[in-house]
Structures are given as structure tokens and as C-alpha cells.
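So the structure is just underneath, and the comments pick up after that.
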Amino acid sequence: MNVSEWVKKIDPNTLVSEQDVRTKIAVPLIKLLGYDESHYADEFPIYSYSGRKRNPTNHVDILCFNSDGWKSKRDLSSWQWVQDHSLISIELKKPSEGLEDAAGQAMFYSMNARSPFYIVLNGIDIKILKMTDHFSDTVIFEGTIENMAKNWIDIDNAISFKVL
């Protein structure tokens, strides 16, 4: 299936929960970008610090990797491996939730996992960003899911598995 066919099949009326967004939007999108199930993890732990104090562990909804080695790398001792291999942090929200606060949450996960890209989506809208050192992050795409097909070449050229 290509992105245009996928977008046409989406029925926004069936999107109610974050889990709906995960299964009907995020996972098909990841697969369209060329990531197979061995290259992404659900609810992956993210470790961070405030000064010397370790913060409580957070979990990013989906984290994409360049390797399937993530399966044994969920503990704090693997933090460096995660930072060397993560590609995209994805934060999911219910369709009734906006993306503004979620973008900050996704940025936090991306900074701590050192994934160069992050995505925030609620099943209706999506924002794809590239982390940029010392400057504001670069927006790859921002808009509705249904408008992704028009910008697919740029999206695919920026974050597909074969490119990253």
C-alpha cells in the first residue's frame, strides 16, 4: 500500500483513544517509512537527569532505531547504546488533544534518546521535526494526516529507514 491509499482509508470517526492512533496511524506510518517491527519499540524507557539527580524514568510512546538490538537495551546501563542508535521519537495523543504541549514532550524524549527526529501526532494532525543544535528545530512537515500524501517525497527523503 502507498501513502495515498493509506490516507484515503483512514476514518477519523474510528479514532478515539491513543491506542487507536498507535494502531491505525503511527504503526502504518512507520511501516510506510520502511521500518519493520524489529526497528521500533513501544513504551521505551527514557532516562534523564536534573543536575546530578536522576529524574523518574519516562516512556516514549514509540522509539525507532537503526538496529534491532534495542530489545535488550531497556535499562539505564544501555543509555549510551540508545543514544547511538535511536532515530525517531514518537509521541501519541488522543484526537481530542492538541499537539502544542505534546511537541515539548516529544522534544524532551528526543533530546534524551538523542534521536535526530521526533514526531507528535493525534490521528488528525501531525508534526515532524528535526533536532537542530543551537537553533530552533526544523519542521519537516506540519499539518493534517490527510495532507501528508502531498508532501510524502519530502517526508520520505527526510526520515525513512533507508535514508537514516
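The values are calculated or read from the model by the stated rules, or taken from the named source; none is laboratory data. The model shown is predicted, which means the values in this text are computed figures rather than measured ones. For neighbour counting, all protein chains shown are included, and Cβ atoms are generated from backbone atoms with ideal geometry for every residue, glycine included. Protein only, heavy atoms only, side chains kept; ligands, DNA and RNA dropped before computing areas. Shrake-Rupley method; radii C 1.70, N 1.55, O 1.52, S 1.80 Å.
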Residue by residue through the stretch 119-136, note down the ones that are surrounded by fewer than 17 Cβ atoms within 10 Å (Cβ to Cβ) and not in a strand (DSSP E or B).
-> MET131, THR132, ASP133, HIS134, PHE135, SER136
Just a yes or no: is a residue in the stretch 33-56 aromatic (Phe, Trp, Tyr), more than 26 Å from LYS162 (Cβ to Cβ) and out of contact with any Ser or Thr (no Cβ under 9 Å at 6 or more places or on another chain)?
-> yes
Please indicate, with yes or no, whether at least one residue in the stretch 65-83 is at pLDDT 95 or above, under 11 Å from the mean Cα position of the chain (by Cα) and not charged (D, E, K, R).
-> yes
Read through the list (1) touching a residue at least 60 places away in the same chain (Cβ under 8 Å); (2) touching a Pro at 6+ places or on another chain (Cβ under 8 Å); (3) within 30 Å of ASP133 (Cβ to Cβ), then give the number of the only condition that ARG74 fails.
-> (1)
What tally of residues in the stretch 101-118 results from selecting those that are more than 12 Å from the chain's Cα centre (by Cα) and either over 23 Å from PRO56 (Cα atoms) or open to solvent by less than 60 Å² (accessible area, probe 1.4 Å) (or both)?
-> 2
Given the conditions (1) without any contact (Cβ under 8 Å) to a residue 12 or more places away in the chain; (2) loosely packed, with under 15 Cβ neighbours inside 10 Å, every one holds for SER38 apart from (1)
Looking only at the stretch 137-158, and only at residues there that are within 21 Å of ARG22 (Cβ to Cβ) and open to solvent by 70 Å² or more (accessible area, probe 1.4 Å), the one that is modelled with the highest pLDDT = GLU142
